[in-house]
C-alpha cells in the first residue's frame, strides 16, 4: 500500500504517533493500519504475483489444514510490515529447519517513509542483486527506528504435495534438544521443528482438552513429494530413537495435524490459564544449535529455583528459545526475580555464542543487552 493522499502535515503526525507508540510500547503496526482506514488511503497497483495483499487473499482460499503462513486471514499490511521491520521469521513459516530462513529471504522489496517524509524503495522482484549497499536488509530489522514500511513485496511458497507431522516424546529435555540438533545437522528436509517442555505440555492438555503424553516433546513436520517425506520421516525417526524417544506418532490426517499445531499455537494461552491473576511477560534468546540443550536446561532450572511460572517452547530448528513468564505485578519480589531471570538468560545466551533475542527484538528492557552483545 502507498500512503497516497496524505498531506505533509498528516504524514508528520503519523510518524510522531508511531514514535510515541514505541515509547509507550503500543503496537505501531496497528496504528498505521488504523491511519490507513481513517484517512482512506488509496491502495497502489497490486502485483498479482508477489504483493503482500495477495498473500492474505491466497490464505483465505487455502484449505483449512494448511498452516504455512503465520498471519490472520485478514491481516492488514501494517501487520506484515510490523513483522518485517522486527526481522521476525514468521511472515512465511514454511521454511527449512523450522525458522532458518528469515525475512531477508522472504521479503523481496519494500517501500518506506523516512522521518523527514521522504519515500524510499529498496529491493526488487529480481531473485538476487549485487547493486550497492543492502538497503533492504538495513530496513528489515530496524524495528521502526528508520521509517514506516508502507509497501511489501514478499516471496510466495507453494503448497506441498504431502505433509506429515511426527510427535516425538523424550525422557528429558536435553534428549529432545539433542535430537533436534541432529535432525537439522543430518540435513533432513523438515519444515518445522518445535520444542515443548513437560510443564508446557501439561498446561496445553489442561487448557485445550487434548491428551498429549506429558514429557519433553518435539513436533516435526516434513513436507514435499511423497517419496521425499517418507525418506525424511525415516531419518527423523532413527535420530529420535537414538536419543531414547519414548513415543513416535505420525499424524498424516489433515485434521489431526491441524489439531496438533493448534495445540502448539495455544501454548501462551495455556500458560496464562495455568496462572490466573498474573500478567504475561515473554522473552526469548537464540543460541547455536550445539548449545540448545544447555540453554533450555539452564532456563528451566532457573525457573524452578526461583519458583516462577512459565511455559518454555523453542523453534528448535534454529536454536530459538521462548519463555512465557506469568508474573504477579503486585509482588515486587516476583517482579524483581523475573527481571533477574531475563538478565541471566541473556548472559547465558551470550556466553554460549548466541544472541539476546532471536525474534522479539530490542525494546526498553533489552537496550543494555544490545550494547553488550555488540
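The values are calculated or read from the model by the stated rules, or taken from the named source; none is laboratory data. Everything quoted here is computed from the prediction, not taken from an experiment. Cβ placement follows ideal geometry from the backbone for every residue including glycine, while neighbour counts extend to all protein chains displayed.
Only residues that are touching a helix residue (DSSP H, G or I) at 6+ places or on another chain (Cβ under 7 Å) and not in a helix (DSSP H, G or I) were counted across the stretch 164-179, and they come to 6.
One residue stands out in the stretch 341-368 among those that are in a helix (DSSP H, G or I) and at pLDDT below 95: the one that is farthest from residue 287 (Cα to Cα), namely 364.
Under the condition of being more than 13 Å from residue 169 (Cα to Cα) and in a strand (DSSP E or B), the residues counted in the stretch 212-256 number 5. Condition check: surrounded by fewer than 16 Cβ atoms within 10 Å (Cβ to Cβ) and either closer than 30 Å to residue 351 by Cα or touching a strand residue (DSSP E or B) at 6+ places or on another chain (Cβ under 6 Å) (or both). Does residue 252 satisfy that? In short, yes.
Consider residue 203 carefully, then state whether it is touching a residue at least 40 places away in the same chain (Cβ under 8 Å) and either in the same structural domain as residue 259 (by TED's automatic domain parsing) or surrounded by 14 or more Cβ atoms within 10 Å (Cβ to Cβ) (or both).
Numbers: touching a residue at least 40 places away in the same chain (Cβ under 8 Å): yes; either in the same structural domain as residue 259 (by TED's automatic domain parsing) or surrounded by 14 or more Cβ atoms within 10 Å (Cβ to Cβ) (or both): yes.
In short, yes.
Scanning the stretch 351-373 for residues that are under 15 Å from residue 292 (Cβ atoms) and more than 20 Å from the chain's Cα centre (by Cα) returns 351, 352, 353.
Scan the stretch 328-340 residue by residue and report those that are surrounded by fewer than 20 Cβ atoms within 10 Å (Cβ to Cβ), touching a residue at least 40 places away in the same chain (Cβ under 8 Å) and either in contact with a helix residue (DSSP H, G or I) (Cβ under 6 Å, 6 or more places away or on another chain) or assigned to a helix (DSSP H, G or I) (or both). Selection gives 328 alone. Of all the residues in the stretch 107-152, those that are closer than 21 Å to residue 367 by Cα, exposed (fewer than 13 other Cβ atoms within 10 Å of the Cβ) and either modelled with pLDDT under 85 or in the same structural domain as residue 363 (by TED's automatic domain parsing) (or both) number 1. Just one of the listed residues (292, 364, 345, 325) is in contact with a helix residue (DSSP H, G or I) (Cβ under 9 Å, 6 or more places away or on another chain) and surrounded by fewer than 15 Cβ atoms within 10 Å (Cβ to Cβ), and it is 364. Across the stretch 256-283, the number of residues qualifying as surrounded by fewer than 16 Cβ atoms within 10 Å (Cβ to Cβ) and more than 20 Å from the chain's Cα centre (by Cα) comes to 5. Every listed requirement among (1) buried (at least 16 other Cβ atoms within 10 Å of the Cβ); (2) touching a helix residue (DSSP H, G or I) at 6+ places or on another chain (Cβ under 6 Å); (3) in the same structural domain as residue 334 (by TED's automatic domain parsing) is met by residue 286 save one, (2). Flag: residue 194 does not match the condition of being more than 25 Å from residue 273 (Cα to Cα), part of a strand (DSSP E or B) and in contact with a strand residue (DSSP E or B) (Cβ under 6 Å, 6 or more places away or on another chain). Note on the stretch 269-327: residues that are closer than 17 Å to residue 200 by Cα and in a loop (DSSP other than H, G, I, E, B) total 7.
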